[in-house]
Amino acid sequence: MKILFVSSEVSPFAKTGGLADVAGSLPKALKKNGHDVRIIMPLYQCVDAGSFTIKKSRKGFEVPVDGIIQKGLLRQTTLADIPVYLVEKKEYFQRPELYGTSAGDYPDNSQRFGFFCRGVVDLLKRLDFRPDIIHCNDWQTALIPFLIKQEHQDDPFFTKTALVYTIHNLAYQGIFEREALSSLGLNESHFTIDLLEYYGKINLMKGGMLTADVINTVSNAYCREIQTKEMGCGLQGVLQHRSHDLYGILNGIDYQDWNPSTDPLIFKNYTSTTLSGKAANKKNLQNALGLEQNPAIPLLGMITRLSSQKGLDLLEALLPKFEEQKLQLVLLGTGDEKYMKMLSTLQKKPSKKFSINLTFDQALSRKIYAASDMFLMPSLYEPCGLGQLISFRYGSVPVVRKTGGLADTVFDSRDGVREPNGFTFDEYTPEAFWDAISRALETYNDRKKWDKIVRSGMNSDYSWDHSGAEYEALYEKALKKIRM
Ligand code: ADP
């Protein structure tokens, strides 16, 4: 199959969260299975400034934004032999961040991603690549299925192309004021309840969901959850309407990239049979971050976007308890101002127990996965969650709230259903979170039992081998639909 993978972030070029990991690894798995895959994303400042070889191309395109023709250029790089097209428009993408700062989103995001989506549709015809599948991801690319189905429905170029739309996080929908219609190059006829209109505003994700041939999200549990009023973020009706075309496929991670036995950025490489190497990583990180250097103190890691989704209020409520207990906490995160403030207060207090790192740092993240004994994900909701999958791989035992993809991948001995690989809790309360942590701390003192849980995670397989095949099956379903 010829597959165009469209994403607003792709690791290692640009990353704010799990979408980048998926966009940087699923295409590799598909290519390995013999497909002709290409990726397209915006050319951000961080991509330009990175150490990537970026080729100029003579291809340009024009997109009307607010009635003015805006010109863009196409550039190109590669990811493991996969062509990666980069949409260049300095005014929109040469900025320090991808979507906004800790104070909020960039105010012109509708122009920026409207331009990107129209650019992709326009460029396709000049690329000499007519995809069987265009795989779009999240709100930033949701306009693509919408444009192809609404504006190009009779265009022979697209009649054999199926549109797949993946929801990585339903909470971010691309909602804009009605006035943004003109920046998106759309008109009032698109502003109806069965298209983009949503409580008097424009909702791009809704448009993507309604027009793609098939839709999926990134775990089976989240797929069920988002069809309910409680967790449907206002789009449960649309999702129920499309339930026959809606699937759950668990994310995988790149097992070559996330590999403690070869990772060049950790202190010492190790495997599930050489766990003493993991202890060396802990000692090194304790030292580097000014924590008490003691192998017996359990080290809790947390690496996260600082957003209300991630259970940071539960963490905050437990901090006084953490002070009293024999444990250490290493947190790495950036995000909302509210949490940045709360955590920077903690960061300023001298401590041999807490290390608070308010940056985005891939190298440090790997060191934390390798050094920590436990990995905290007390999420309010979690579409899939990659943190727990990476922590399995590095032998850090996840302590998670049983929601979405966390419920599908982390098993607690308390439930007795699967071989235990972590600790879970149900209620979104500090008490329930603490109960799971304290059970983990207790088990930690029983080396034999603990190592068994560590190895269970390390020996599980959440690579793309399985989920990649599920995407192939999803693409087949999408193609079948358009041939009907
Ligand atoms: P989400 O996509 O909601 O942010 P996931 O658990 O799916 O959450 O993916 C998060 C990814 O981003 C993981 O690869 C994690 O290691 C990484 N990450 C999150 N915050 C940081 C940070 N501050 N520095 C480095 N990596 C981070």
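Modelling each spin label as a point 7 Å along the Cα-to-Cβ direction, I'd like the Leu319/Asp105 distance in nm, to one decimal.
Taking the simple label geometry, Leu319 and Asp105 are separated by 2.9 nm.
For the chain, with every protein chain kept in place, what is the accessible area per residue (1.4 Å probe, Å²)? Walk me through the numbers on the way to the answer.
Values: 19840 Å² over 484 residues.
Using a 1.4 Å probe on heavy atoms only, each residue of the chain averages 41 Å².
Based on alpha-carbon atoms only, what is the radius of gyration of the chain relative to the globular estimate 2.2 N^0.38 Å?
Details: Rg = 22.7 Å, N = 484, 2.2 N^0.38 = 23.0 Å.
The value comes to 0.98.
Counting Lys +1, Arg +1, Asp -1, Glu -1, what net charge surrounds Ser396 among other residues with beta carbon under 12 Å of its beta carbon?
Working: positive: Lys278, Lys282, Arg366, Lys367, Arg393; negative: Asp373.
That works out to +4.
For the range 418-484, what are Rg and Dmax over the alpha carbons, in angstrom?
For the range 418-484, the Cα-based Rg and Dmax read 19.5, 60 Å.
Counting Lys +1, Arg +1, Asp -1, Glu -1, what net charge surrounds Tyr247 among other residues with beta carbon under 10 Å of its beta carbon? Numbers along the way, then the final one.
On the way: positive: Lys477; negative: Asp245, Glu470.
Residues close to Tyr247 contribute a combined charge of -1.
Give the span of the range 276-461's Cα atoms along each principal axis, as three whole-Å numbers ordered largest to smallest.
For the range 276-461, the Cα spread along each principal axis is 43, 34, 30 Å.
With every protein chain left in place and a probe of 1.4 Å, what is the accessible surface of Phe267, to the nearest 10 Å²?
We get 120 Å² for Phe267.
Using DSSP to call loops (not H, G, I, E or B), can you name the GluC sites (Glu not before Pro) in the range 410-453 whose Cβ has at most 14 other Cβ atoms within 10 angstrom?
Details: sites: Glu427, Glu431, Glu442; in loops: Glu427.
Sites meeting the loop and neighbour criteria: Glu427.
Where the accessible area of the chain is counted over protein heavy atoms with a 1.4 Å probe, how much of it, in %, is carbon and sulfur? Present the calculation step by step, with values, prior to reporting the outcome.
Working: 9870 of 19840 Å².
The computed percentage sits at 50.
Sum up the charges of everything whose Cβ sits under 14 Å from the Cβ of Phe157, counting Lys and Arg as +1 and Asp and Glu as -1, but leave Phe157 out. It would help to have the intermediate numbers written out before the result.
Numbers: positive: Lys2, Lys125, Arg126, Arg130, Lys149, Lys160; negative: Asp122, Asp128, Asp132, Glu151, Asp154, Asp155.
Spelling it out: positives minus negatives among the neighbours equals 0.
Filter the chain for me: DSSP H helices, axial length by Cα at least 15 angstrom, mean Kyte-Doolittle hydropathy not below -0.5. List them by residue number.
Details: long enough: 18-32 (21 Å, 0.17); 109-124 (22 Å, 0.36); 276-288 (18 Å, -1.36); 312-324 (19 Å, 0.32); 337-348 (16 Å, -0.84); 430-444 (21 Å, -0.25); 447-458 (16 Å, -1.31); 464-483 (28 Å, -1.03).
Flagged H segments are 18-32, 109-124, 312-324, 430-444.
Identify all aspartates and glutamates with a Cα-Cα distance to Lys149 below 12 Å; exclude those on the same chain that are fewer than 8 residues away in sequence.
Asp213
Given the protein chains as shown and a 1.4 Å probe, how many square angstrom of Arg447 are accessible, to the nearest 10?
Rounded to the nearest 10, that gives 120 Å².
At 37 °C and 0.692 mPa s, grab the translational diffusion coefficient of the range 91-205 from Stokes-Einstein with a Kirkwood Rh over Cα pairs, rounded to a whole number in µm² per second. Spell out each step's value before the answer.
Details: Rh = 15.0 Å.
Reported coefficient: 218 µm²/s.
So what's the projected area for the range 306-369, the Cα convex hull averaged over all directions, in nm²?
Values: hull surface 18.1 nm².
About 4.5 nm², averaged over all directions.
Which value in Å does the Kirkwood hydrodynamic radius of the range 1-101 take, with 1/r averaged over all unlike C-alpha pairs and then inverted? Could you put the intermediate results ahead of the total?
Numbers: mean 1/r = 0.0704 Å⁻¹.
Roughly 14.2 Å, rounded to one decimal.
Under 20 Å from a label point 7 Å along Cα→Cβ of Ser308: give me every residue in the range 155-189 with its amide N that close.
168-177
Once R0 is set to 56 Å, what does the formula 1/(1 + (r/R0)^6) return for the Cβ-Cβ distance between Asp154 and Lys32, expressed as a FRET efficiency to the nearest 0.05? Working shown, then result.
Details: r = 36 Å, r/R0 = 0.65.
After rounding to 0.05, the efficiency reads 0.95.
Cross-link list Lys15/Lys449; Lys31/Lys338; Lys32/Lys229; Lys32/Lys338; Lys283/Lys449: which exceed 32 angstrom alpha carbon to alpha carbon? Can you show the working numbers first?
Details: Lys15/Lys449 36 Å; Lys31/Lys338 42 Å; Lys32/Lys229 40 Å; Lys32/Lys338 43 Å; Lys283/Lys449 22 Å.
Among Lys15/Lys449; Lys31/Lys338; Lys32/Lys229; Lys32/Lys338; Lys283/Lys449, the Cα-Cα distance tops 32 Å for Lys15/Lys449; Lys31/Lys338; Lys32/Lys229; Lys32/Lys338.
Can you list the aspartates and glutamates whose alpha carbon is less than 20 Å from that of Lys89, not counting same-chain residues fewer than 8 positions off?
Cross-link targets: Glu9, Asp48, Glu62, Asp66, Glu97, Asp105, Asp108, Asp122.
Quick check: pseudo-label points 7 Å beyond the Cα along Cα→Cβ at Tyr255 and Asn287, how many nm apart are they?
The two pseudo-label positions are separated by 3.3 nm.
Return a whole-number percent for the relative contact order of the chain, with Cα pairs under 8 Å and 6 or more residues apart as the contact set. All intermediate terms of the calculation are to be shown ahead of the outcome.
Details: 951 pairs, mean separation 62.6, N = 484.
Reported as a whole number, the value is 13 percent.
Can you give the extra length, in nm with one decimal, that the chain gains between His466 and Arg224 once fully stretched, where that is 0.36 nm per residue apart less the Cα-Cα distance?
On the way: separation 242, 0.36 × 242 = 87.12 nm, distance 2.06 nm.
Answer, rounded to one decimal: 85.1 nm.
At 222 nm, what helix-only mean residue ellipticity would the chain give, in deg cm²/dmol to the nearest 500, using -39500 (n - 2.57) for each DSSP H run of four or more? Could you put the intermediate results ahead of the total?
On the way: 18 runs with 181 residues, N = 484.
About -11000 deg cm²/dmol.
Express in nm, to one decimal, how much length is gained between Tyr428 and Ala363 on full extension, taking 0.36 nm for each residue of separation and deducting their alpha carbon distance. Walk me through the numbers before you get to the answer.
Values: separation 65, 0.36 × 65 = 23.40 nm, distance 3.11 nm.
20.3 nm is the gain from fully extending Tyr428 to Ala363.
Tell me the label-point distance for the pair Asp122, Lys55, using the 7 Å Cα-to-Cβ offset, in nm and rounded to one decimal.
2.3
The values are calculated or read from the model by the stated rules, or taken from the named source; none is laboratory data. These numbers come from a predicted model, not from an experiment. Cβ atoms come from the backbone with ideal geometry, glycine included; neighbour counts cover every protein chain shown. Side chains are part of the model used for accessible areas, which takes the heavy atoms of the whole protein and leaves out ligands, DNA and RNA. Shrake-Rupley method; radii C 1.70, N 1.55, O 1.52, S 1.80 Å.
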